[in-house]
Amino acid sequence: AAGVMNAPILPGATLGVLGGGQLGRMFVHAAQSMGYFTAVLDADATSPAGLVSHRHIRTGYEDPQGLAELARLCAAVTTEFENVPAAALQTLALTRPVAPAGEAVAIAQDRAAEKAHFVRCGVPCAPYAEITTPAQLAAVDASLLPGILKTARMGYDGKGQARVRTPAELAVAWDDMGRVACVLEKMLPLAHECSVIVARGRDGSIVNLPVQRNLHRDGILAVTEVHAGNVPASQAQQAVAAAQSVAQGLDYVGVLCVEFFVLEDGSLVVNEIAPRPHNSGHYSQNALDVSQFELQVRCMTGLPLVQPRQHSAAIMLNLLGDLWFKDGTAAASTPAWDQVLALPGVHLHLYGKAEAKPARKMGHLNITAATPEQARAVALQAAAILG
Ligand code: ADP
Ligand code: MG
């Protein structure tokens with residue numbers, strides 16, 4: 001029986017994903033190109049993943065009938081949305097292999113639990129305090145200010161965060177957040193930010209994507225650049241080792257992104273984890289010989305993992321809805337894709353979202369080139385055309 005359980009789920013089977021966003025869409029594309037059928041569970045009739053999946057179950061994440069239908073259709077299930085209720089994953093896990101597990105996702109969903117996990121793994125993170133009661137607020141150590149107050153749950157793309165300089169500002173910010181559970185993090189002097197994506201199999205084998213260097217604007221990822229020497233070798237090695245120990249400590253199965261801060265003194269601090277493929281790994285679609293989405297398929301089906309090889313220097317530019325409203329115009333107009341696609345090594349990925357809105361992730365451009373300099377030159381030209 002053990003042999004049967006460990007047998008990989010082969011193409012021809014149906015794979016399920018909780019969540020219908022762009023990450024689910026690109027997972028569906030990868031699974032389908034390998035010969036799997038797909039099922040997406042998402043209440044939205046026009047969700048990016050639902051639009052391209054063989055099956056689309058249009059219920060909420062906690063709907064017992066929807067979850068039962070997903071389990072009935074699928075040989076294995078994954079998630080693309082970080083805030084999917086962990087209980088839904090645990091329910092599915094009663095009858096189907098689920099990767100990542102609800103228990104690991106639950107830790108990633110809560111900044112306090114996440115930081116406690118970093119401490120357990122011996123991976124340094126920013127000094128912080130949990131704030132869940134007025135007494136904890138009053139007891140905050142002055143050395144944590146200036147700091148960033150972050151809601152413990154449901155934050156993303158810089159949402160649910162406030163920068164505070166004094167105890168009085170902190171108190172106001174916590175009130176403004178409705179006194180929900182938060183963490184206060186010391187504001188650190190960042191030299192730059194990077195991330196590492198690891199994929200860990202059911203057998204504990206682990207592979208990683210190259211270290212990604214990330215630029216955020218207004219709390220949202222804007223640019224990812226990846227090439228050898230992008231991040232100094234010692235920091236890159238530390239980041240990969242830290243990401244591996246975070247994944248191992250969770251007994252994680254699937255694709256996991258670990259985000260880091262590199263401080264001005266060169267030290268490396270873990271920021272947060274995402275229990276799924278990540279925006280900073282999108283370049284893998286065109287610059288690596290295996291993408292983060294294919295790795296997710298391999299992890300959840302028990303197929304072998306292979307160490308990705310980068311064959312091109314890469315720059316990923318996020319395409320936010322703002323690009324549809326050039327010069328502050330009120331009516332949306334389609335960006336000049338034809339001009340951008342005239343540049344060498346430009347790969348356009350659009351998510352099929354019905355409506356462009358400022359700050360909404362509409363797609364990304366992967367730019368591949370023989371050298372980092374060439375990739376940068378094309379990225380500048382693309383940005384000039386679009387901006
Ligand atoms: P989100 O879940 O929204 O991605 P993050 O915690 O990653 O939230 O914060 C978003 C961005 O804000 C980070 O990528 C970084 O640029 C900045 N930031 C967050 N925490 C700190 C900190 N402690 N010190 C300095 N900058 C920070
Ligand atoms: Mg982040």
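The values are calculated or read from the model by the stated rules, or taken from the named source; none is laboratory data. Keep in mind the model is a prediction, meaning the values are calculated, not measured. Backbone-built Cβ (ideal geometry, glycine too); neighbour counts: all protein chains shown.
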Filtering region 151-169 down to residues that are within 14 Å of ligand 1 (Cβ to nearest atom) and farther than 30 Å from MET362 by Cα yields VAL164, ARG165
Is region 267-274 home to any residue that is touching a Leu at 6+ places or on another chain (Cβ under 9 Å) and under 16 Å from GLU80 (Cα atoms)? yes
Do we find a residue being within 14 Å of ligand 2 (Cβ to nearest atom), crowded, with 16+ Cβ neighbours inside 10 Å and under 23 Å from GLN161 (Cα atoms) anywhere in region 195-203? yes
How many residues of region 357-375 are surrounded by 16 or more Cβ atoms within 10 Å (Cβ to Cβ), aliphatic (A, V, I, L, M) and within 21 Å of the chain's Cα centre (by Cα)? The answer is 3
Does at least one position in region 135-155 carry a residue that is within 21 Å of the chain's Cα centre (by Cα) and within 23 Å of LEU41 (Cβ to Cβ)? yes
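Which residue, of ALA30, ALA88, ALA39, ALA68, is modelled with pLDDT of 95 or more, outside any loop (DSSP other than H, G, I, E, B) and surrounded by fewer than 21 Cβ atoms within 10 Å (Cβ to Cβ)? Even if it seems obvious, please write down each step before you answer.
Working: ALA30 fails: surrounded by fewer than 21 Cβ atoms within 10 Å (Cβ to Cβ); ALA88 fails: surrounded by fewer than 21 Cβ atoms within 10 Å (Cβ to Cβ); ALA39 fails: surrounded by fewer than 21 Cβ atoms within 10 Å (Cβ to Cβ).
Exactly one residue qualifies, and that residue is ALA68.
Would you pick out the residues in region 204-227 that are of a type in the set (D, E, K, R) and either closer than 15 Å to ILE273 by Cβ or within 16 Å of ligand 2 (Cβ to nearest atom) (or both)? Can you show your working first?
Initially, region 204-227 is screened for residues of a type in the set (D, E, K, R), giving 213, 217-218, 225.
The answer is ARG213, ARG217, ASP218.
Is it the case, given these coordinates, that ALA241 is over 23 Å from GLY155 (Cα atoms), of a type outside the set (Lys, Arg) and assigned to a loop (DSSP other than H, G, I, E, B)? Quick ask: steps written out before the conclusion?
Numbers: over 23 Å from GLY155 (Cα atoms): yes; of a type outside the set (Lys, Arg): yes; assigned to a loop (DSSP other than H, G, I, E, B): no.
So ALA241 does not fit the description; no.
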Mind checking whether some residue in region 320-338 is in the same structural domain as ARG200 (by TED's automatic domain parsing), closer than 17 Å to ALA30 by Cα and not hydrophobic (A, V, I, L, M, F, W, C)? no
Does ALA191 count as within 16 Å of ligand 2 (Cβ to nearest atom) and outside any loop (DSSP other than H, G, I, E, B)? no
Being within 19 Å of the chain's Cα centre (by Cα) and either within 29 Å of ALA369 (Cβ to Cβ) or more than 15 Å from ligand 1 (Cβ to nearest atom) (or both) is true for just one of ALA228, ALA239, ALA233. Which residue is that? ALA239
Sort through ALA379, ALA314, ALA383 and tell me the only one that's part of a helix (DSSP H, G or I), buried (at least 20 other Cβ atoms within 10 Å of the Cβ) and of a type outside the set (Val, Ile, Thr). ALA379
Would you confirm whether any residue within region 208-219 is without any contact (Cβ under 8 Å) to a residue 40 or more places away in the chain, away from ligand 1 (no atom under 13 Å from the Cβ) and in contact with a helix residue (DSSP H, G or I) (Cβ under 9 Å, 6 or more places away or on another chain)? yes
Count, please, the residues in region 178-198 that happen to be free of Cβ contacts under 8 Å to residues at least 60 places away in the same chain and more than 13 Å from PRO134 (Cα to Cα). 3
From ALA199, ALA173, ALA135, ALA222, residue being in contact with a Leu (Cβ under 6 Å, 6 or more places away or on another chain) and in a helix (DSSP H, G or I): ALA173
I'd like the residue in region 252-294 that is within 16 Å of ligand 1 (Cβ to nearest atom) and assigned to a helix (DSSP H, G or I) and, out of all such residues, is surrounded by the fewest Cβ atoms within 10 Å (Cβ to Cβ). ASN279
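Do we find that ALA247 is over 30 Å from ALA382 (Cβ atoms), away from ligand 1 (no atom under 12 Å from the Cβ) and in contact (Cβ under 8 Å) with a residue 24 or more places away in the chain in this structure?
Values: over 30 Å from ALA382 (Cβ atoms): yes; away from ligand 1 (no atom under 12 Å from the Cβ): yes; in contact (Cβ under 8 Å) with a residue 24 or more places away in the chain: yes.
Against the criterion (over 30 Å from ALA382 (Cβ atoms), away from ligand 1 (no atom under 12 Å from the Cβ) and in contact (Cβ under 8 Å) with a residue 24 or more places away in the chain), ALA247 qualifies.
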